[in-house]
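The values are calculated or read from the model by the stated rules, or taken from the named source; none is laboratory data. Note that this is a predicted model, so its numbers are computed, not measured. Cβ placement follows ideal geometry from the backbone for every residue including glycine, while neighbour counts extend to all protein chains displayed. Heads up: the accessible areas ignore ligands, DNA and RNA and are worked out on the full protein's heavy atoms, side chains in. Shrake-Rupley method; radii C 1.70, N 1.55, O 1.52, S 1.80 Å.
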Amino acid sequence: MRVLLFGPPGVGKGTQADLLSKKYNFIKFSMGDILREEVSLSTSLGNKVENYLIRGILVPDNIIFELVKNFLKKNKEAHILFDGFPRTLNQAQNLNKNLTQLGLSFEVALEMHLAEDEIVKRLINRRYCPKCNKIYNYATKPPKTNGVCDHCHTKLIKRSDDDTNTIKKRLQVYEEKTHPLVDYYKSLNVYNQINATGSQEDVFKKISEIIDAYINKR
Ligand SMILES: [Zn+2]
């Protein structure tokens, strides 16, 4: 089974992806992790990737596509959760081509949806611990002691791109590049929209219901 989870920054994708992986035994497909792994293996592809990462340049699609292909071949039998990838229509079409070639397909595409002002509110309230990387939110998930990490008592900080202007720009990029996936996955009959308001548990319940419905239908 292959599931795609996508949505704008700040919608709570990461948390849901973790919960889903645990409940349904998904292998998570995260492009960032795959790039880092390839670099650490020092393959010829990995060396190319490292060159881009060092220079801070976006890794071009032809390399991304090769990595996707390798990953799919290796994990043909696995349940995969695509977390934040594909990001563009071009990537989505390539992924689908690769799946088809292997006799596979996407079963469920889930878009987490939240109104823009709610996203801005969540992101400007987001803080993280620079020591253990735990993420807090003054609006939805505050630390026990104001401004301090529950685990290691380090002072929490704000990510530099979590200010209103940068957030609006990131949302614009999402709208332009990623939103076209909605029509694409609708055309493949796998699209589902999740209303991401409410608690993490509520949202997880909604997502689980969709996946369970698919599993029961099989
Ligand atoms: Zn901490």
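Report yes if S160 is open to solvent by 50 Å² or more (accessible area, probe 1.4 Å), more than 21 Å from L81 (Cβ to Cβ) and modelled with pLDDT under 90, otherwise no. Taking the combined requirement at face value, the residue satisfies it. Taken over the stretch 144-157, residues that are open to solvent by less than 40 Å² (accessible area, probe 1.4 Å) and more than 9 Å from the ligand (Cβ to nearest atom) amount to 1. Every residue in the stretch 31-57 that is outside any helix (DSSP H, G or I) and at pLDDT below 90, please. Correct list: G56, I57. In the stretch 34-90, of all residues being open to solvent by 70 Å² or more (accessible area, probe 1.4 Å) and of a type in the set (S, T, N, Q), the one that is nearest to the chain's Cα centre (by Cα) corresponds to N90.
Here is a check on your reading of the model: is V182 surrounded by 17 or more Cβ atoms within 10 Å (Cβ to Cβ) and either of a type in the set (A, V, I, L, M) or more than 16 Å from the ligand (Cβ to nearest atom) (or both)? So V182 fails the test.
N137 meets the conditions (1) within 16 Å of the ligand (Cβ to nearest atom); (2) open to solvent by 70 Å² or more (accessible area, probe 1.4 Å); (3) under 20 Å from the mean Cα position of the chain (by Cα) in every case but one. The failed one is (2). Which pairs do you get when a residue that is free of Cβ contacts under 8 Å to residues at least 24 places away in the same chain, found in the stretch 152-174, comes within reach of a residue that is part of a helix (DSSP H, G or I) and open to solvent by less than 60 Å² (accessible area, probe 1.4 Å), reach meaning Cβ atoms under 8 angstrom, with the pair 6+ apart or on two chains? Within 8 Å, the pairs are S160/T166; D161/I167; D161/R170. For the stretch 96-106, the criterion of being open to solvent by 10 Å² or more (accessible area, probe 1.4 Å) and assigned to a strand (DSSP E or B) is met by no residue. Residues of the stretch 108-120 that are over 20 Å from D18 (Cβ atoms) and crowded, with 16+ Cβ neighbours inside 10 Å: V120 alone. If you go through the stretch 87-134 and keep only what is free of Cβ contacts under 8 Å to residues at least 40 places away in the same chain and within 16 Å of the ligand (Cβ to nearest atom), you end up with R127, Y128, C129, P130, K131, C132, N133, K134. Could you please let me know if I207 is part of a helix (DSSP H, G or I) and within 26 Å of A92 (Cβ to Cβ)? Taking the combined requirement at face value, the residue satisfies it. Can you tell me which residue in the stretch 121-132 is most open to solvent (accessible area, probe 1.4 Å), limited to those that are hydrophobic (A, V, I, L, M, F, W, C) and in contact with an Asp or Glu (Cβ under 9 Å, 6 or more places away or on another chain)? This residue is I124.
Does any residue of the stretch 65-83 turn out to be at pLDDT 90 or above and closer than 17 Å to P8 by Cβ? Within the stretch 65-83, one or more residues are at pLDDT 90 or above and closer than 17 Å to P8 by Cβ. Scanning the stretch 1-30 for residues that are open to solvent by 30 Å² or more (accessible area, probe 1.4 Å), outside any helix (DSSP H, G or I) and among the hydroxyl-bearing types (S, T, Y) returns no hits.
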